[in-house]
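Working notes, structure below.
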Amino acid sequence: MKFDENLASVHAYLCADGYVIKNPVAQKHKYYKIGLRNMNHVLLKDFQEKFEKVFGVKPRLVEGQRCEIGSKEVYNSLTKEFGSFYSREWKIPKMRADMFPFWLRSFFDCEGWVYIQSHQNRQIGLDCVNKSALDEVSEKLNEMEIKTTKQIKKNGSIFRILILGKENLALFKEKIGFLHPEKKEKLDLALNDFVNYLWDFPEKENEIKMKIKEILKNKTRIRDGKRISLISKEQQNLEHLSNLLKRYYDVTCLVSKRINGLGTIYYELNINKKEEIRKLIKVRLIPNFLKKCSRKS
């Protein structure tokens, strides 16, 4: 058998929701069955098409239930090449690195899930009773720069890997992805659920200055009538702004880390010196609040 993307996918399907079985020795009735149990038509159809490409025979598809074939020849070929397909015994075969995405996609299509708790928790997860195989799945994902977290469930009988964080979810989508339509859609929703707190600065000087003006207009806070500050969850936003203010307006700023009463970390940019504030007033980036304060006094 040629181990190509079709066989990689078929193998993963069989390890996940599939079966490669024959009758018990004591049973007189002889049978050899290879199939995939799954309710999703897209996955059953994909298994059927790829199985036919590999073995030249087309398994029977029962809508919403399974895709199965009885074949002693195929059974012998699979077990001779790959060994057992029982849940705690199967092993990931040796394959070229470019074959792993096909194997992993079919495995996650069957066994994986996508969970979203809006603006709090987005994850791809997968449970398996085969610890050594799941360790290898985690290893392969890490080699693809997709970081995983391992957990043990149900008194050590089930093993779980989680993929967390926007960067890792995006890499999973790019390098592996889902064929399962609901999981595919849910992964897109999970990625869109992340809030991007980074400020997008343009490259051209005139556009940069417009961006600075926009930020100062919308985010500047006047403190005690003497100084100004800006707040952001991302330190690099304020550091970038500070550098731009120095470069274009010769204004010196101080960026500091803060923690509020709830323990939330944020960052604050402060301009305290009047001469620095007057530079911004002069180029009309902020209103002349110093003048207003002096009138009141």
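The values are calculated or read from the model by the stated rules, or taken from the named source; none is laboratory data. Treat the numbers as computed from the prediction; the structure is a model and nothing was measured. As a convention, Cβ positions derive from the backbone with ideal geometry for all residues, glycine included, and neighbour counts pool all protein chains shown.
Looking at segment 184-297, what strands (runs of 3 or more DSSP E) fall wholly within it and have at least 1 residues that are at positive phi, loosely packed, with under 12 Cβ neighbours inside 10 Å and more than 32 Å from the chain's Cα centre (by Cα)?
Values: elements: 221-223, 227-232, 254-259, 265-271.
Result: empty, no element qualifies.
Can you list residue pairs whose Cβ atoms sit under 8 Å apart, with the first residue in segment 161-173 being of a type in the set (D, E, K, R) and the second being surrounded by fewer than 19 Cβ atoms within 10 Å (Cβ to Cβ)? Count only pairs 6 or more apart in sequence or on different chains.
Lys166/Leu191; Lys166/Phe194; Lys173/Asp188; Lys173/Leu191
Just to check your reading of the model, which residue among Val57, Val42 is farther than 26 Å from Lys150 by Cβ, in contact with a Phe, Trp or Tyr (Cβ under 8 Å, 6 or more places away or on another chain) and outside the structural domain of Ile176 (by TED's automatic domain parsing)?
Working: Val42 fails: in contact with a Phe, Trp or Tyr (Cβ under 8 Å, 6 or more places away or on another chain).
Step by step, each of Val57, Val42 is checked, and only Val57 is farther than 26 Å from Lys150 by Cβ, in contact with a Phe, Trp or Tyr (Cβ under 8 Å, 6 or more places away or on another chain) and outside the structural domain of Ile176 (by TED's automatic domain parsing).
So, restricting to helices (runs of 4 or more DSSP H) that lie completely within segment 1-89, which ones have at least 2 residues that are of a type in the set (Gly, Ala, Ser) and either under 30 Å from Ser157 (Cα atoms) or touching a helix residue (DSSP H, G or I) at 6+ places or on another chain (Cβ under 8 Å) (or both)? Even if it seems obvious, please write down each step before you answer.
Details: elements: 5-16, 41-55, 72-82.
Passing ranges, in order: 5-16.
Could you check segment 39-50 and list, in sequence order, the residues that are buried (at least 17 other Cβ atoms within 10 Å of the Cβ) and in contact with a His (Cβ under 9 Å, 6 or more places away or on another chain)?
Asn40, Leu43
Identify all residues within segment 46-61 that are among the β-branched types (Val, Ile, Thr) and either farther than 22 Å from Cys110 by Cα or without any contact (Cβ under 8 Å) to a residue 12 or more places away in the chain (or both); write none if there are none.
Val57
For (1) in the same structural domain as Lys186 (by TED's automatic domain parsing); (2) outside any helix (DSSP H, G or I); (3) farther than 26 Å from Asn192 by Cβ; (4) of a type in the set (Lys, Arg), each residue gets a yes or a no:
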position	(1), (2), (3), (4)
Cys110	yes, no, no, no
His119	yes, yes, no, no
Gln123	yes, yes, no, no
Asp127	yes, yes, no, no
Ala133	yes, no, yes, no
Glu136	yes, no, yes, no
Ile146	yes, yes, no, no
Lys150	yes, yes, yes, yes
Asn155	yes, yes, yes, no
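Of all residues in segment 256-282, which are closer than 23 Å to Glu205 by Cα, without any contact (Cβ under 8 Å) to a residue 40 or more places away in the chain and touching a helix residue (DSSP H, G or I) at 6+ places or on another chain (Cβ under 6 Å)? Walk me through how you get there before you give the answer.
Residues of segment 256-282 that are closer than 23 Å to Glu205 by Cα, as a first pass: 269, 271, 276-282.
Filter once more, keeping what is without any contact (Cβ under 8 Å) to a residue 40 or more places away in the chain: 276, 278-279, 281-282.
Result: Lys279, single match.
Give the number of residues within segment 129-139 that are touching a residue at least 40 places away in the same chain (Cβ under 8 Å) and within 25 Å of Leu189 (Cα to Cα).
Start the filter on segment 129-139 by keeping residues that are touching a residue at least 40 places away in the same chain (Cβ under 8 Å), which leaves 129-130, 132-133, 136-137.
Next cut, within 25 Å of Leu189 (Cα to Cα) only: 137.
Qualifying residue count, segment 129-139: 1.
It is to be established whether one or more residues within segment 143-153 are at positive phi, out of contact with any Lys or Arg (no Cβ under 6 Å at 6 or more places or on another chain) and touching a residue at least 40 places away in the same chain (Cβ under 8 Å). I'd like the intermediate steps shown before the answer.
Here is the first cut: in segment 143-153, the ones at positive phi are 145.
Pick out the ones that are also out of contact with any Lys or Arg (no Cβ under 6 Å at 6 or more places or on another chain) and you get 145.
The next check asks that each one be touching a residue at least 40 places away in the same chain (Cβ under 8 Å); those that pass are none.
Looking for residues that are at positive phi, out of contact with any Lys or Arg (no Cβ under 6 Å at 6 or more places or on another chain) and touching a residue at least 40 places away in the same chain (Cβ under 8 Å), one finds none in segment 143-153, hence no.
Among what's in segment 55-80 and is buried (at least 20 other Cβ atoms within 10 Å of the Cβ) and aliphatic (A, V, I, L, M), pick the residue that is nearest to Gly18 (Cα to Cα).
Leu78
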